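Here the structure is laid out as structure tokens; the discussion comes afterwards.
The values are calculated or read from the model by the stated rules, or taken from the named source; none is laboratory data. All values derive from a computational prediction rather than experimental measurement. Cβ placement follows ideal geometry from the backbone for every residue including glycine, while neighbour counts extend to all protein chains displayed. Keep in mind that these areas ignore ligands, DNA and RNA; they rest on the heavy atoms of the full protein, side chains included. Shrake-Rupley method; radii C 1.70, N 1.55, O 1.52, S 1.80 Å.
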Amino acid sequence: QVQLVESGGGLVQAGGSLRLSCAASGRTFISSAAMGWFRQAPGKEREFVAGIRWSVGITLYADSVKGRFTITRDNAKNTVILQMNSLKPEDSAVYYCAVGGRLTHSENAYDSWGQGTQVTVSS
């Protein structure tokens, strides 16, 4: 089992930036895994935000965040970073990181999840 701990959420004004981190520990997974960020707003289903294939750094983004969010990894720290710029009120949600066997939008492919961190963007 992989343990994931998110940090970096908070309150920001529209147009501002936040940086989320997800630190991974536990069983060895790095060579074949993908890590993703998802979010869930009140009353809505959880949705894919961004993901990265750990071994080669290939990234995938939801259309709603392309050009504003950037996902990167720090191999030495087993950490994935989500840099969020030009934030909008509709980006407000609980953000979760997850690890799975392949890089995809589907949450069904991810089998370990963090506890989530709240992001609130005020207008």
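Below is a table of values for the structure above.
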| item | result |
| --- | --- |
| Residues satisfying the stated conditions in the range 81-103, i.e. of a type in the set (Val, Ile, Thr) and either assigned to a helix (DSSP H, G or I) or modelled with pLDDT of 95 or more (or both) | ILE81, VAL94 |
| Pick from the range 77-114, criterion farther than 16 Å from ALA33 by Cβ and small (Gly, Ala, Ser), ranking: surrounded by the most Cβ atoms within 10 Å (Cβ to Cβ) | ALA93 |
| Options SER7, SER106: the member that is hydroxyl-bearing (Ser, Thr, Tyr) and within 18 Å of THR117 (Cα to Cα) | SER7 |
| Residue satisfying condition, being touching a Gly at 6+ places or on another chain (Cβ under 7 Å), modelled with pLDDT of 95 or more and farther than 15 Å from VAL5 by Cβ, within set GLY67, GLY51, GLY43 | GLY51 |
| Qualifying residue in the range 28-41 (condition: open to solvent by 10 Å² or more (accessible area, probe 1.4 Å), assigned to a strand (DSSP E or B) and basic (Lys, Arg)) | yes |
| Residues of the range 2-17 satisfying the condition of being of a type outside the set (Val, Ile, Thr), open to solvent by 30 Å² or more (accessible area, probe 1.4 Å) and at negative phi | GLN3, SER7, GLY9, LEU11, GLN13, ALA14, SER17 |
| Residue list for the range 62-72, restricted to those being part of a strand (DSSP E or B) and open to solvent by less than 20 Å² (accessible area, probe 1.4 Å) | PHE69, ILE71 |
| Count - residues of the range 49-61 that are open to solvent by 20 Å² or more (accessible area, probe 1.4 Å) and closer than 21 Å to VAL119 by Cα | 2 |
| Some residue of the range 11-25 being assigned to a loop (DSSP other than H, G, I, E, B), touching a residue at least 12 places away in the same chain (Cβ under 8 Å) and either touching a His at 6+ places or on another chain (Cβ under 8 Å) or closer than 22 Å to THR104 by Cβ (or both) | no |
